[in-house]
Amino acid sequence: MKKISIAIDGPASSGKSTVAKILAKKLGYIYCDTGAMYRALTYLAITKNIDFEDEKALVDLCLEHRISFEQTEKEQLVFIDRAQVTEAIRQPDVTNAVSIVAKHGAVRAKMVELQQMIGRAGGVVMDGRDIGTAVLPDAEVKIFLVASVIERAQRRYKENQEKGISTDFETLKKEIEQRDYLDSTRKVSPLKQAVDAVKIDTTGMGIEEVVKAIEEIISTKN
Ligand code: C5P
């Protein structure tokens, strides 16, 4: 079967990465979590005391350091140079700053360059905010995943609990709303459904159900 590109976009905690990982494994495709790349850069900026508004300094960080992934049987590990930052980039300090770092055009240009290199050969499931609109505009399958903000906050709350991160539900909900607002109103490549993307509202749907719905869409492309 021909190797295609699958773009999965949507707001925070809409289930993109869970679904993308399962699909990539089933298809034997590469999985690329583009949010992890913006998170890694934000983590770097925090550790190096770089102002989130300093676009030039953020681009310099991209040039000076290498963000990479390693796929294990269990999970996708994220590295900055040789340091593993998989857990560190999911902490609230990074989550609450990442949308500021990700709004800069020059930062996005660097990230998109890397993402397009990863996706060049096809056989990729890539998730993010601008994959269908900017990173892989020719992807054969484009999905836009949405869910109610209450359900998304509940999912994130449960995930955090399992990871031992304590959070207040209302705060979490506000943070998700704020991140969606910043991501969808920024000037460069805002979070937006591509005209040729299929929208799936996952509110009340189980993961397997969502995966199945996307598999059906994929089967029409082969
Ligand atoms: O997907 P995740 O929630 O980990 O993404 C973290 C943040 O990275 C998003 O809120 C957004 O600001 C940024 N992002 C982006 N473009 C992408 C992926 C993520 O701007 N393609």
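The values are calculated or read from the model by the stated rules, or taken from the named source; none is laboratory data. Just so you know, these numbers come straight off a predicted model, no measurement behind them. Heads up, the Cβs are rebuilt from the backbone with ideal geometry, glycines too, and the neighbour counts pull from every protein chain shown. Side chains included, ligands, DNA and RNA excluded: accessible areas come from the protein's heavy atoms. Shrake-Rupley method; radii C 1.70, N 1.55, O 1.52, S 1.80 Å.
How many percent of the accessible area of segment 5-219 is carbon or sulfur, using a 1.4 Å probe? It would help to have the intermediate numbers written out before the result.
Numbers: 5480 of 10490 Å².
C and S fraction of accessible area: 52 percent.
Which whole-number percent is the relative contact order of the chain (Cα, under 8 Å, 6+ apart)? Don't jump to the answer; show the numbers that get you there.
On the way: 335 pairs, mean separation 73.2, N = 222.
Normalised by residue count, the contact order of the chain is 33 percent.
If the convex hull of the alpha-carbon atoms of segment 6-118 is projected onto planes in all directions, what is the mean projected area in square nanometres?
About 7.0 nm², averaged over all directions.
Take every DSSP beta bridge with both residues inside the chain and express the antiparallel ones as a percent of the total, to the nearest 5.
Numbers: 7 of 24 bridges.
Percentage antiparallel, nearest 5: 30.
Where the centre of each part is set by its Cα atoms, how far does segment 188-222 sit from segment 89-106, in angstrom?
25
In Å, the Kirkwood hydrodynamic radius of segment 45-88 over pairs of distinct alpha carbons?
Values: mean 1/r = 0.0856 Å⁻¹.
That comes to 11.7 Å for segment 45-88.
Would you grab the residues whose amide H sits under 5 Å from the one on Ser148? Only those 5+ places off in sequence or on another chain, please, with H modelled 1.01 Å from N.
Thr203
So, for the chain, what is the accessible surface per residue at a probe of 1.4 Å, expressed in square angstrom?
Numbers: 11210 Å² over 222 residues.
About 50 Å² of surface per residue is accessible.
Mind ordering 159-166, 128-135 by average Cβ neighbours within 10 Å, highest first?
By packing density, highest mean first, the sequence is 128-135, 159-166.
Could you give the radius of gyration (one decimal) and Dmax (whole number) of the Cα atoms in segment 66-135, in Å?
That works out to 13.1, 35 Å for Rg and Dmax.
Quick one: work out Rg over Rh on the C-alpha atoms of the chain, Rh as Kirkwood radius. Write down the numbers at each step before the final one.
Values: Rg = 16.5 Å, Rh = 17.7 Å.
So for the chain, dividing Rg by the Kirkwood Rh gives 0.94.
Would you mind estimating how fast segment 115-222 diffuses translationally, via Stokes-Einstein at 10 °C and 1.306 mPa s with the Kirkwood radius over Cα pairs, in µm²/s? Each step should come with its number before you reach the end.
Numbers: Rh = 15.7 Å.
Taking Rh from Cα pairs, D becomes 101 µm²/s.
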